[in-house]
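A.B. asks: The structure that follows is given in the form of structure tokens.
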Amino acid sequence: MILGGCAIQTIGMPGRRSLLLAGVVAALAATMGAAWLHEVRPRSVVKPAAQTVSTPAEKTQPRALTADEERFATALWAVHREATRSAVAMSFAGIAYQTENRDARAFARRIEPLARFFHDAEMQVRTMSPPASLSRTHGQYVDAMALYANAAAEMLKFTEA
């Protein structure tokens, strides 16, 4: 005993928990240090082919349209502009029928002009003569107009039942 106080107790040998905690902290610190070193190291100049990224300057610019391609694109755009509006109108007509009133006659009145438009648009696009470079696009657009015309016709059949 020391005069006026208690003796200082010695800690002794660390227990298992203390050693385990110290080991986990050391492992985490080593992992964090390795990750930090990985991030700050300079990147190698040579990259594998799978990792190369093309910059905007390396991308090739699309070629200019020929006069025939421009003519076809302009004619198709005139149809497309109205087709987009009509497709949205047809979707809204179906949504309105389902959510509002379920009036088949009102639904038919909204769909009839759209069905006529898509039928006429399909015929108009079919008669266009595309340049060879746009023949695939032309075929896809004819198919799309046919699908819309068919969908509108099916909607009208539904109103007749």
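A.B. asks: Return the sequence-ordered ³J(HN,Hα) values of region 120-135 in whole Hz as given by the Karplus equation 6.51 cos²θ - 1.76 cosθ + 1.60 applied to θ = phi - 60°, using x for Gly and Pro.
C.D. replies: Here the 3J(HN,Hα) series is 5, 5, 4, 5, 5, 5, 4, 7, 5, 10, x, x, 4, 5, 10, 5 Hz.
A.B. asks: How would Val79, Val88 rank on accessible area, largest to smallest, probe 1.4 Å? Could you put the intermediate results ahead of the total?
C.D. replies: Details: Val79 10, Val88 70 Å².
Largest accessible area first, the residues go Val88, Val79.
A.B. asks: Still on this structure: Tell me the per residue accessible area of region 77-122 using a 1.4 Å probe; a whole number in Å² is fine.
C.D. replies: Numbers: 2880 Å² over 46 residues.
Per-residue accessible area for region 77-122 comes out at 63 Å².
A.B. asks: Let me ask something additional. At a 1.4 Å probe, what is the % contribution of carbon and sulfur to the accessible area of region 112-161?
C.D. replies: Details: 1740 of 3100 Å².
Accessible surface attributable to carbon and sulfur in region 112-161 totals 56 percent.
A.B. asks: May I ask you to order 128-141, 23-36 by the average number of other C-beta atoms within 10 Å around their residues, highest value first?
C.D. replies: Top to bottom by mean Cβ count within 10 Å: 128-141, 23-36.
The values are calculated or read from the model by the stated rules, or taken from the named source; none is laboratory data. All values reported here derive from a predicted model rather than from experimental measurement. Virtual Cβ from ideal backbone geometry, glycine too; neighbours counted across all protein chains shown. To get the accessible areas, we keep the full protein, side chains included, count just its heavy atoms, and leave off ligands, DNA and RNA. Shrake-Rupley method; radii C 1.70, N 1.55, O 1.52, S 1.80 Å.
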